[in-house]
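Below you will find the structure I want to go over with you.
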Amino acid sequence: MKKIVSLGIIALSFAFTALGQNTSKIFPKNIIFLIGDGMGVSQIYAGLTANKGHLALERIRHIGFHKNQATDNYVTDSAAGATAFSTGKKTYNGAIGMDATKTPQATLLELAEKKGLATGLVSTADITDATPAAFIAHQIKRSMHDEIAKDFLKTDVEIVVGGGRKSFDQRKDGQNLLDSLKAKKYQIVETIAEMNQIKQGKFYYLYAPGDPIKFSEGRGEVLLDATKKSLELLSRNKKGFFVMIEGGQIDWGGHANDANYAITEMVDFNKSIAAALDFAEKDKETLVVITADHETGGMALLGGDMTTGEVKASFITKGHTGQMVPVFAFGPGSEVFQGIYQNTAIFDKMKAALRLSQK
Ligand code: MG
Ligand code: ZN
């Protein structure tokens, strides 16, 4: 009798595990890839503390770590880090969608487009900055913003939200890429309200001429609203979608050695993570992957209070550090993100999950 009961409990717990992780299908139809730039374990825990003891990341069971070294440096930058995720190739710091021999490599977003998936790029940084750029551009140096902007027109990405408008409409070559985008049937919106009103079709919302302002200085809910709008529109595509959503300024808080800056950006990013998990929980065909390219600042937590949200933090560098950073995965196919692996393996796992072919 005892044996039968315990077997029953084992069977039940397997069933619950499966339900809890939405493993109703082995392959997901969609991927939401969220990158917290500079988001190491300290940034996450500082955000959790500031958020009074909880973050949406706690809903996730499948957790791993990635090794993020670049080919030319133990400490990666965002260009080599994002290129590893977007192309599966290790490269040198500064490379955008290029391998270490400066050969352009097909990106996950491009492969998804080729297969008929709808795609999007959303960031709280300049959209031509390294992280989003590595998913759609191929340039030898991350500082080539005008060239990177031009690469955006080569792929039929459906949704683009970020700063960096000047690389589109105040260019050295005098071209206005916003006009070229309009000719390609993109809606160009200029306010959050306009974006929120879009009912269908593809659009660009370049909400700052250069770097967007901080959340603490009034950026508003652009990241959360763009996350919700992209999930609403991209999910109408029958073949599925791939979207990369970046919390780009957690890194800038680290570079400034400003704990409050990094934390408020982390808490802002958390809202998009929650929205992505809510979507995936309902949809059951969406894999959500959340990670960072690297840690920034060597942030250490020296004290805090979960009830008041106070955090006492210190930094050891104005740059990035070489430590492993966590990977969180939720939904169908999320089991394979457990363990410790190279940052390039995240590309391999996502490509396999969407059954994308390199050709
Ligand atoms: Mg970035
Ligand atoms: Zn950085």
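The values are calculated or read from the model by the stated rules, or taken from the named source; none is laboratory data. Please read these numbers as outputs of a predicted model, since none were measured by experiment. Neighbour counts run over all protein chains shown; Cβ positions are idealised from the backbone, glycine included. Surface accessibility is based on the protein's heavy atoms, side chains included, excluding ligands, DNA and RNA. Shrake-Rupley method; radii C 1.70, N 1.55, O 1.52, S 1.80 Å.
Sum up the charges of everything whose Cβ sits under 12 Å from the Cβ of GLY64, counting Lys and Arg as +1 and Asp and Glu as -1, but leave GLY64 out.
Here the charged neighbours net out to +2.
Would you mind listing how long region 208-359 runs along its three principal axes, going by Cα atoms, in whole Å with the largest first?
Between the extreme Cα coordinates on each principal axis of region 208-359 lie 46, 36, 34 Å.
A further question on this structure: Dipole size in debye (nearest 20) for region 29-344 around its Cα centre, Lys and Arg Cβ +1, Asp and Glu Cβ -1?
Here region 29-344 has a charge dipole of around 860 debye.
Just the Cα atoms of region 29-344: what Rg and Dmax do they give in Å?
18.1, 54
What net charge is computed for the residues neighbouring THR155, neighbours being all others with C-beta under 15 Å from the C-beta of THR155, Lys and Arg scored +1, Asp and Glu -1?
Cβ neighbours under 15 Å give a net charge of +1.
Going through region 171-222, which GluC sites (Glu not before Pro) have at most 14 other Cβ atoms within 10 Å and a DSSP loop state?
GLU190
Can you give the relative contact order of the chain as a percent, counting alpha carbon pairs under 8 Å and 6+ residues apart?
32 percent
Among bridges DSSP assigns within region 29-344, what percent are antiparallel (round to 5)?
That works out to approximately 35 percent antiparallel.
Over the chain, average the accessible area per residue using a 1.4 Å probe and give it in Å², no decimals.
I get 41 Å² per residue for the chain.
7 Å from Cα along Cα→Cβ at both GLU310 and LYS52: what's the point-to-point distance in nm?
1.7 nm
I would also like to ask the following. Hey, rough spin-label estimate for ASN73 and GLU194, points 7 angstrom out along Cα→Cβ, what's it come to in nanometres?
In this crude label model, ASN73 to GLU194 measures out at 3.7 nm.
I want the local charge near LEU277. Using Cβ-Cβ distances under 13 Å, sum +1 for each Lys or Arg and -1 for each Asp or Glu among the other residues.
After counting each charged neighbour, the total is +2.
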